[in-house]
Amino acid sequence: QVQLVESGGGLVQPGGSLRLSCAPSGIVFSMYTMGWYRQAPGKQREWVASITRTGNTDYVDSVKGRFTISRDNTNDTVYLQMNSLKPEDTAVYYCYASQPLRVLRTRDYWGQGTQVTVSS
């Protein structure tokens, strides 16, 4: 059974920081690209960040310089460190695990989502 357990969401003031964690189970962690999406009310789901098996990272432009994705391959955990948070960062954040397959296909798993609210 595959499960991605997320934690770390909550309420924070603008300019504050928050760290999200995602602990997958039921997969071979080292074989997966890990990442985060987010979805604000009334908006489409937006890709936020990813980190490959080898540690290469990528981010959506709006969070570059503020967010950092990392992975701990010893503890099978992926993190999203969010600094200088803005109200527009408010969303449900979803962790995902993606295993590249042949012919442009992937095997994907998703977490349940954790709420991040940035407000004064």
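The values are calculated or read from the model by the stated rules, or taken from the named source; none is laboratory data. Since we're looking at a predicted model, the values are computed, not measured. Virtual Cβ from ideal backbone geometry, glycine too; neighbours counted across all protein chains shown. Note: accessible area is taken over every heavy atom of the protein model, side chains too, but ligands, DNA and RNA are not part of it. Shrake-Rupley method; radii C 1.70, N 1.55, O 1.52, S 1.80 Å.
A few points about this structure:
- Residue selected from segment 3-32 under the condition within 14 Å of residue 94 (Cα to Cα) and among the polar types (S, T, N, Q), by the criterion surrounded by the most Cβ atoms within 10 Å (Cβ to Cβ): 21
- Here residue 118 meets the list (1) among the aliphatic types (A, V, I, L, M); (2) open to solvent by 70 Å² or more (accessible area, probe 1.4 Å); (3) under 15 Å from residue 19 (Cα atoms) almost entirely, failing just condition (2).
- Subset of segment 33-64 that is in a loop (DSSP other than H, G, I, E, B) and either on the phi > 0 side of the Ramachandran plot or hydrophobic (A, V, I, L, M, F, W, C) (or both) - its residue that is surrounded by the fewest Cβ atoms within 10 Å (Cβ to Cβ): 42
- Residues satisfying the criterion are present in segment 60-72 (criterion: β-branched (Val, Ile, Thr) and farther than 23 Å from residue 5 by Cβ).
- For segment 88-105, taking the residues that are within 23 Å of residue 16 (Cα to Cα) and of a type in the set (Ser, Thr, Tyr), the one that is surrounded by the most Cβ atoms within 10 Å (Cβ to Cβ) is identified as 93.
- Neighbours by Cβ (under 7 Å, 6+ apart or cross-chain): first from segment 65-87, open to solvent by 60 Å² or more (accessible area, probe 1.4 Å); second of a type outside the set (Asp, Glu) and part of a helix (DSSP H, G or I): 73/29; 73/30
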